[in-house]
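Please read the structure below before turning to the comments.
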Amino acid sequence: MSSTDSTPREAVEVVALKVVDLLTYVVVLVAVVFVPVAAFELSTFGGLVFTKWVLFVVGGVLGVYSSFQLRPAGPERRAAAVDAGPSSATVGGREVSRLQRVAAAMPPARWTGLTPTERFSPYTKQFAAAVAFVVTAWLLEVVFDVGLGL
């Protein structure tokens, strides 16, 4: 096998590891919202209608927020990031939230060995989680007949 054959395989492995990290983050974020809201609603009202709406609204708000953050930087922001110098957190460094640290510590993401700069950006993860929130709310309605009145 030549060295050119291993390069695409390594690229595919890196993308697969990034996707595993992304999916772990999405599952953790959906669980952090779904489990307490569902537990509260099931213990008080005995249904999941409010949970479905909370998931839908949180998904919509998170989708709008993350999509605005994913926009390309304007010339002013790019110039400020370059002028900040190498010691600035905006150059080369990426701030990691507590939720991202928890998701990175969960299996299978902890087995990937990716550094924060090798992972997808936090806003990409949040956008994927927003889609997962809306899909979860839709599945509650369509598959589990939550709130349809049937």
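Listed by first and then second residue, the pairs linking a residue in the stretch 109-122 that is closer than 10 Å to residue 20 by Cα to a residue that is of a type in the set (S, T, N, Q) and surrounded by 13 or more Cβ atoms within 10 Å (Cβ to Cβ), with Cβ atoms under 8 Å apart and 6 or more places separating them unless they lie on different chains, are 109/24. Under the condition of being free of Cβ contacts under 8 Å to residues at least 12 places away in the same chain and in a helix (DSSP H, G or I), which residue from the stretch 36-56 is most open to solvent (accessible area, probe 1.4 Å)? Ranking the qualifying residues of the stretch 36-56, first place goes to 40. Inspect all residues belonging to the stretch 57-73 and state whether any of them is assigned to a loop (DSSP other than H, G, I, E, B) and either at pLDDT below 85 or surrounded by 14 or more Cβ atoms within 10 Å (Cβ to Cβ) (or both). Yes, the stretch 57-73 contains at least one residue that is assigned to a loop (DSSP other than H, G, I, E, B) and either at pLDDT below 85 or surrounded by 14 or more Cβ atoms within 10 Å (Cβ to Cβ) (or both).
Taken over the stretch 123-144, the residue count meeting the criterion of being outside any helix (DSSP H, G or I) and in contact (Cβ under 8 Å) with a residue 12 or more places away in the chain is 1. With respect to residue 37, is the statement that it is more than 16 Å from residue 147 (Cβ to Cβ) and touching a helix residue (DSSP H, G or I) at 6+ places or on another chain (Cβ under 9 Å) true? No: the conditions fail for residue 37.
The values are calculated or read from the model by the stated rules, or taken from the named source; none is laboratory data. This one's a predicted model, so the numbers in the text were calculated from it and none came from an experiment. Quick reminder, even Gly has a Cβ in these numbers, built from the backbone with ideal geometry, and neighbours come from all protein chains shown. To get the accessible areas, we keep the full protein, side chains included, count just its heavy atoms, and leave off ligands, DNA and RNA. Shrake-Rupley method; radii C 1.70, N 1.55, O 1.52, S 1.80 Å.
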